[in-house]
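Trainee: The structure that follows is given in the form of structure tokens.
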Amino acid sequence: MKKLYLRMKYSFVVFVTISCFISCKPVKNNLISIQGENIEIGNDHKGKNDEIEKFILPYKKHVDKEIEAILTYNPEALVKEASQLNAPIGNLIADASFEIINPIYSERTGKNIDFVLLNWGGIRSDLPQGNVTLGSAYNLMPFENKLVVLEMKGEKINEMAQYLIKTKTPHPLSSHVKLHITKKGDIELFTINGKTIDTKATYVVATSDYLMHGGDKMIFFQNSVSVYETDYLIRNILVDYFKKVDAIQAKRDDRFILIEDK
């Protein structure tokens with residue numbers, strides 16, 4: 001009787017084990033068909049939409065008022081076109097950035113910024129003739145990039161010059177730099193604040209946090225001597241500059257130009 005009981009117990013355990021194994025085995029499902037239907041959104045939701053619009057209307061009016069606030073006046077349309085090595089719109093952005101950030105940096109550190117270099121791709125629109133508003137600044141520089149200040153060795157500054165020569169793009173470059181090149185790509189003049197480049201010297205450069213990490217292939221900004229975070233959005237710098245001036249003055253000059261081969 002005991003042997004029969006053990007045999008039955010053993011059989012039950014085997015049965016349960018096999019059952020569990022089978023039940024745990026993944027089941028392969030096959031897609032038979034797909035069904036769908038169009039649900040039209042009609043006037044049934046109009047009342048709710050009206051309620052939402054009524055709720056946000058005061059906020060919309062406030063935002064519109066802020067966006068349309070006049071900051072300054074632009075006497076001549078500034079168009080984003082890359083037919084030359086320097087463009088009025090890029091020159092404006094670089095020079096404005098220097099004018100706003102250098103006093104702040106100087107007060108905090110006791111040093112001065114040597115020049116500003118940003119990237120052409122960061123400019124996202126033209127600046128039409130007429131009133132310049134807060135919305136104009138957002139259209140011009142929509143990205144949340146901040147200005148940073150780097151200390152760089154002179155050899156890195158020479159790498160920067162080679163990058164500018166190779167790309168031949170009117171990246172926003174402040175007027176402190178003079179870079180004159182021939183059609184062959186030879187450098188005829190390269191100075192910063194009127195002085196030739198000293199490879200052993202350290203230069204203070206303002207740029208964006210995006211470019212600091214090598215964005216737009218500006219790898220010469222990587223591994224700088226030091227980094228100073230301003231926590232100042234470039235767009236906000238432009239806004240503060242626009243508020244500061246009665247009218248914008250921007251032009252093409254000789255900061256980065258192509259000259260005839262000798």
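The values are calculated or read from the model by the stated rules, or taken from the named source; none is laboratory data. Everything numeric in this text was worked out from a predicted model, so none of it was measured. Neighbour counts run over all protein chains shown; Cβ positions are idealised from the backbone, glycine included.
Trainee: Could you list all residues from segment 169-190 that are aliphatic (A, V, I, L, M) and under 16 Å from TRP120 (Cα atoms)?
Mentor: Listed by number, the list holds a single entry, LEU173.
Trainee: Please verify whether LEU127 is in contact with a strand residue (DSSP E or B) (Cβ under 9 Å, 6 or more places away or on another chain) and more than 25 Å from MET212 (Cα to Cα), treating the condition exactly as stated.
Mentor: Yes, satisfied.
Trainee: Do any strands (runs of 3 or more DSSP E) entirely within segment 160-262 hold 3 or more residues that are exposed (fewer than 14 other Cβ atoms within 10 Å of the Cβ) and under 19 Å from the mean Cα position of the chain (by Cα), and if so, which?
Mentor: Output list reads 226-233.
Trainee: Please pick out the residue among SER125, SER97 that is assigned to a helix (DSSP H, G or I) and either surrounded by 12 or more Cβ atoms within 10 Å (Cβ to Cβ) or without any contact (Cβ under 8 Å) to a residue 12 or more places away in the chain (or both).
Mentor: One residue alone meets the criteria, SER97.
Trainee: While we're looking at this one, here's another question. I'd like to know if segment 69-89 contains one or more residues that are at positive phi and either without any contact (Cβ under 8 Å) to a residue 60 or more places away in the chain or among the small types (Gly, Ala, Ser) (or both). Reasoning before the result, please.
Mentor: Pass one, segment 69-89, residues at positive phi: none.
Checking segment 69-89: not a single residue is at positive phi and either without any contact (Cβ under 8 Å) to a residue 60 or more places away in the chain or among the small types (Gly, Ala, Ser) (or both).
Trainee: Also, quick follow-up: Kindly provide the set of residues from segment 33-82 that are of a type in the set (A, V, I, L, M), more than 30 Å from PRO170 (Cβ to Cβ) and at pLDDT 70 or above, ordered by number.
Mentor: Start the filter on segment 33-82 by keeping residues that are of a type in the set (A, V, I, L, M), which leaves 34, 39, 41, 52, 56-57, 63, 67, 69-71, 77-79, 82.
With more than 30 Å from PRO170 (Cβ to Cβ) added as a condition, the list becomes 34, 39, 41, 52, 56-57, 63.
Passing the criteria: ILE34, ILE52, ILE56, VAL63.
Trainee: Identify, by number, the condition in (1) touching a Leu at 6+ places or on another chain (Cβ under 6 Å); (2) under 26 Å from LYS80 (Cα atoms) that THR230 doesn't meet.
Mentor: All conditions pass for THR230, except number (2).
Trainee: Further question on the same structure: In the list LYS178, LYS146, which residue meets the criterion of being basic (Lys, Arg), touching an Asp or Glu at 6+ places or on another chain (Cβ under 8 Å) and closer than 16 Å to SER97 by Cα?
Mentor: Going through LYS178, LYS146 in turn, just one is basic (Lys, Arg), touching an Asp or Glu at 6+ places or on another chain (Cβ under 8 Å) and closer than 16 Å to SER97 by Cα: LYS146.
Trainee: Do we have LYS178 as basic (Lys, Arg) and on the phi < 0 side of the Ramachandran plot here?
Mentor: Yes; evaluated as a whole, the condition is true for this residue.
Trainee: To continue, here is another question. Residues in segment 155-162: is at least one free of Cβ contacts under 8 Å to residues at least 24 places away in the same chain and out of contact with any Asp or Glu (no Cβ under 8 Å at 6 or more places or on another chain)?
Mentor: Yes, there is a match, as at least one residue in segment 155-162 is free of Cβ contacts under 8 Å to residues at least 24 places away in the same chain and out of contact with any Asp or Glu (no Cβ under 8 Å at 6 or more places or on another chain).
Trainee: Does any residue in segment 179-193 that is touching a residue at least 12 places away in the same chain (Cβ under 8 Å) and aromatic (Phe, Trp, Tyr) come within less than 9 Å, Cβ to Cβ, of a residue that is assigned to a loop (DSSP other than H, G, I, E, B) and surrounded by 14 or more Cβ atoms within 10 Å (Cβ to Cβ) six or more places away or on a different chain, and which pairs are these?
Mentor: Listed by first residue and then by second, the contacts come to PHE190/ILE197.
Trainee: Please work out which one of (1) over 23 Å from LYS217 (Cβ atoms); (2) touching a Phe, Trp or Tyr at 6+ places or on another chain (Cβ under 8 Å) is the condition GLU159 fails and give its number.
Mentor: Condition (1) is where GLU159 drops out.
Trainee: I would also like to ask the following. Just one of ASP240, ASP198, ASP253 is among the acidic types (Asp, Glu), closer than 25 Å to ASP126 by Cβ, touching a residue at least 12 places away in the same chain (Cβ under 8 Å) and touching a helix residue (DSSP H, G or I) at 6+ places or on another chain (Cβ under 6 Å); which is it? Lay out the reasoning, then the answer.
Mentor: Values: ASP198 fails: closer than 25 Å to ASP126 by Cβ; ASP253 fails: touching a helix residue (DSSP H, G or I) at 6+ places or on another chain (Cβ under 6 Å).
Step by step, each of ASP240, ASP198, ASP253 is checked, and only ASP240 is among the acidic types (Asp, Glu), closer than 25 Å to ASP126 by Cβ, touching a residue at least 12 places away in the same chain (Cβ under 8 Å) and touching a helix residue (DSSP H, G or I) at 6+ places or on another chain (Cβ under 6 Å).
Trainee: Shifting gears a bit: The conditions are (1) surrounded by 16 or more Cβ atoms within 10 Å (Cβ to Cβ); (2) in contact with a Gly (Cβ under 9 Å, 6 or more places away or on another chain), and ASP114 fails exactly one of them. Which is it?
Mentor: Every condition holds for ASP114 apart from (2).
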